[in-house]
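Input: a single structure, listed below in structure tokens.
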């Protein structure tokens, strides 16, 4: 099957679960900005975990040249087939030539379009993820996002699989009124308790300076008593505090090493929620112990298993 | 998590990672210990280990949180240290192999913070360049971006802190300094270091191999704009 890109929105990228075990060479983790939505998209389209899919910002449109089964997920996703509204978070059976359009109500949120089958795309260093900055991944392994007129080859099985749906009450929660969990760590000892207190008591606004590398926030500045440090590895969700005191939360395409002090890490689950926030929205933080954060992570995983009957 | 042996500090890095810091009177000793732990852990190929990322004196271990937790990883490290007496390294032990001579067009228009560095250090612009080329640097870590080699040590007279706010775009090939470190940006990316000039060489080849590797030595050699254009690899 050929899937043609009719509209590519602001940014449409082929991504999968990420590039693992290459960070020591400087290749970033990559992977879906919202891992929960990505995981559900593949499940609902009948795919194996880790199958590539398209991460979309803005309004994108695709046409398959044979019948296909697809699924769209994300925050407030608007999904149309031939201009007729269809529900996200469930299998959509489309006919050859149908126009599948994906958009988000919140300008800048990420939608995920999974398409059933075996994707025939390059997998440099073990992943199909497109990283613009590294010039790696994508249809031609040059790090290019999807463009209008591109076609993706997907090998589709002859037998259709069953319809799958996720009830709305189980959709990922994108409500930002609940604080994001921050696990203190890294250089936290170099921040006084009043600086930490200020972070947990203040509201931070998501700036326009957000991308797959990191999300810059603006609000009460936080300062450490460090003047210099040696560069070290940065894991996902790390909250960097540059000298201007405005936090930067490091995301999927973050650099592997960096030298700004870090106060801690936004929990994996809440990285997904932050990834779906758009400029102008506000977030708050609460402190969470790493054991509690892991328990919440495992509960979410068990929920997936329970809901998918595994 | 209490430190032990060569490990002077252990901190959380989220719910699925810990960061180890190594003791050492010099960064070379700490770096050698880091390399030794890296190789030991990597060779054991633990099924729960997702990433093992070294830097100057630190090692990030990312584990599969479905399989283990940080307490498990900590106990595993302690038992490794107990089994392997050689985990305590007193000398540097590292062997440096290759020496690269890297051409630099100092003061290239798109990568020129010479005036700012001059102002911050009190050196003239020519003194800044002379100080930068006066040293043979060692590669301590590769990361930040593919093929980005962290090199030390920049002469103390040239030390300046990172920019207050990182730049959104640093050009490919930019030669930069921050505190005691120097590096070359292998591709265009954001960055907070001060820029001295441009290097015409590609630092990552088409098969994704990095030119500079941990332990290598690097000398910088000034070139003219014309020489830069002749050597430029695109």
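Assorted remarks:
- Matching residues in segment A:103-116 - criterion: being in contact (Cβ under 8 Å) with a residue 40 or more places away in the chain and either assigned to a loop (DSSP other than H, G, I, E, B) or in the same structural domain as residue A:272 (by TED's automatic domain parsing) (or both): A:106, A:107, A:108, A:109, A:110, A:116
- The residue that is farthest from residue B:41 (Cα to Cα), counting only those in segment B:4-19 that are in contact (Cβ under 8 Å) with a residue 12 or more places away in the chain and assigned to a loop (DSSP other than H, G, I, E, B), is B:15.
- Conditions (1) modelled with pLDDT under 95; (2) within 13 Å of another protein chain (Cβ to nearest Cβ); (3) more than 27 Å from residue B:71 (Cβ to Cβ): number failed by residue A:309: (2)
- Selection over segment B:157-170 of residues that are farther than 12 Å from residue B:113 by Cβ and either within 12 Å of chain A (Cβ to nearest Cβ) or part of a loop (DSSP other than H, G, I, E, B) (or both) gives a count of 7.
- Evaluation of residue B:167 against (1) closer than 28 Å to residue B:38 by Cβ; (2) without any contact (Cβ under 8 Å) to a residue 40 or more places away in the chain; (3) in contact with a strand residue (DSSP E or B) (Cβ under 7 Å, 6 or more places away or on another chain) (one fails), failing number: (1)
- Subset of segment A:219-237 [out of contact with any strand residue (DSSP E or B) (no Cβ under 6 Å at 6 or more places or on another chain) and facing chain B (nearest Cβ under 10 Å)]: A:227, A:228, A:229, A:230, A:236
- Filter pass, residue B:11 being modelled with pLDDT of 95 or more, under 22 Å from residue A:287 (Cα atoms), crowded, with 23+ Cβ neighbours inside 10 Å and in contact with a strand residue (DSSP E or B) (Cβ under 7 Å, 6 or more places away or on another chain): no
- Residue B:183 vs. criteria at pLDDT 95 or above, closer than 27 Å to residue B:60 by Cα and either more than 10 Å from chain A (Cβ to nearest Cβ) or under 13 Å from the mean Cα position of the chain (by Cα) (or both): yes
- Qualifying residues in segment A:258-270 (those that are facing chain B (nearest Cβ under 7 Å) and touching a residue at least 40 places away in the same chain (Cβ under 8 Å)) - the one surrounded by the fewest Cβ atoms within 10 Å (Cβ to Cβ): A:268
- Those strands (runs of 3 or more DSSP E) of segment A:1-102 in which 2 or more residues are away from every other protein chain (no Cβ under 14 Å), without any contact (Cβ under 8 Å) to a residue 24 or more places away in the chain and over 22 Å from residue B:62 (Cβ atoms) occupy A:77-81, A:84-86.
- Hits in segment B:22-38 - residues which are within 13 Å of residue B:141 (Cβ to Cβ) and free of Cβ contacts under 8 Å to residues at least 24 places away in the same chain: B:38
- Of residues in segment A:228-247 being in a strand (DSSP E or B) and buried (at least 24 other Cβ atoms within 10 Å of the Cβ), the one farthest from the chain's Cα centre (by Cα): A:232
The values are calculated or read from the model by the stated rules, or taken from the named source; none is laboratory data. This one's a predicted model, so the numbers in the text were calculated from it and none came from an experiment. Glycine gets a Cβ as well: all are built from the backbone with ideal geometry, and neighbour counts include every protein chain shown.
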